[in-house]
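Readers should treat all values here as calculations from the given coordinates under stated rules, not as data from a laboratory. What you are looking at is a predicted structure, and each value in this text was computed from that prediction instead of being measured. Because the Cβ atoms are built from the backbone with ideal geometry, glycine has one as well, and the counts that use them run over all protein chains shown.
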């Protein structure tokens, strides 16, 4: 028979195993190779970009199919128009409400200044008031007063629950990069010439460096903007920067802005990039 002190919750402190079993602490999981985007794939449709699909790259180094990024930017523009129209309608409603409040305040001040006499019910006896209420078909005044009083006191009733006013923030009037979230215009997209291998690996052809003809999987690569060729970053210092020309086409690079660092593909090694997902849960001290 096992000792009672070895059972769960038998000790005076909460052990690590008991904390995990109770759902406390941060969960960590590492992404696998199959859940990461390979180099040369569209960040929207997640498929390898072929040359006929006219691959484009954003200034942040993300690659897209021409059709995918065009459709995304068009959808953003349409949504921006709707958001701007809703925001303008909200502002017009605020101005109209403020004008109505100003007019009501002026009217009230004018009535109090001029001493406008309102109709006063001079019914003195309770019997006469009750007789009038019974003679009328519907006691509108009493019903309205009851509803107003219930709305004031019984706020938990679904019909009388106050609703918070929806306030729209001023929308951004520019399209954004779907991946980085930074401002992106159509004219900022750069064409990319992806050189793919003839041999297929696991049913897919890999992108190759335009200079060394080596496969680019998880290595860092750069895009030479004037020519659109993709070169490994390890060759940049020796073959591009000394002459500031493209080794393939010979086109001149005007500045460092013509060298765009592309986003690297994912690998199965956790030390290569941030491939660890975290889920924060309540912690115990």
Could you list 177, 127, 83, 172 so that the one with the fewest beta carbons within 10 Å of its beta carbon is first and the one with the most is last?
127, 172, 83, 177
Point-to-point label distance, residue 31-residue 11, nm (Cα→Cβ direction, 7 Å offset):
3.7
Determine, for each peptide in 146-152, 228-234, 207-213, the mean count of other beta carbons within 10 angstrom over its residues, then list the peptides with the highest first.
228-234, 207-213, 146-152
What is the Rg over Rh value, at two decimals, for region 7-63, using alpha-carbon atoms and the Kirkwood definition of Rh?
1.43
Would you please give the FRET efficiency between residue 103 and residue 143, computed as 1/(1 + (r/R0)^6) with r the Cβ-Cβ distance and R0 = 30 Å, to the nearest 0.05?
0.55
If region 39-116 were replaced by its equivalent ellipsoid, with semi-axes equal to the square roots of 5 times the Cα gyration tensor eigenvalues, what would those be, largest first, whole Å?
59, 9, 7
In which sequence would 184, 103, 253 go, from the one with the fewest C-beta neighbours within 10 Å to the one with the most?
103, 253, 184
Can you give the convex hull volume of the alpha carbon atoms of region 163-208 per residue, in Å³?
155
